Each structure stands twice: as C-alpha cells, then as structure tokens.
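Chemist: Would you mind keeping the following structure in view while I ask a few things?
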Amino acid sequence: MSEVKVNPGDSFELALKRFNRKVQQDGILSEARRRAHYESPQARRKRKAEAQRRKRRRTTRQPG
C-alpha cells in the first residue's frame, strides 16, 4: 500500500502528483493490469522470454 505524507500547506494537486509518482514507482497499476485477466503459463513464459530478448538486445547495443 502506497502512502504519501501531506505537509500542512501543501496543495491537493501537489499531494496528488506525489501520490501518482509513488504508485508509478511501486508498480501498483502495472501489477493490477497484469492481474486483470488470466494469463496461461505458456503466455507467461513467452512474455518473459521476449522481455529477456529485448533486455539482451538493449545491453549489447550500448557502448560500454
């Protein structure tokens, strides 16, 4: 559960912006979207393998 401390004098917009940033960093929305529909084990493996391929491709392209 994400929690944001609101200081006295902070505007509602500032608190909302801080909350949205915290939720984004914690990955709560992406987790909820991922769990919204059932994903078969085969689809899960395929998605993870594709993510690994993208990650590997990114790391090999960058000079380092």
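Chemist: Which of the following residues is at pLDDT 90 or above and loosely packed, with under 10 Cβ neighbours inside 10 Å: Q62, Q25?
Modeler: After applying the criteria, what remains is Q25.
Chemist: Pairs needed: first member in the stretch 1-20, among the charged types (D, E, K, R); second member anywhere, assigned to a loop (DSSP other than H, G, I, E, B); C-beta distance under 7 Å; at least 6 residues apart or different chains.
Modeler: R18/V4
The values are calculated or read from the model by the stated rules, or taken from the named source; none is laboratory data. Predicted model, so just to flag it, every value in this text is computed and none were measured. Every residue, glycine among them, receives a Cβ derived from its backbone with ideal geometry; neighbour counts consider all protein chains shown.
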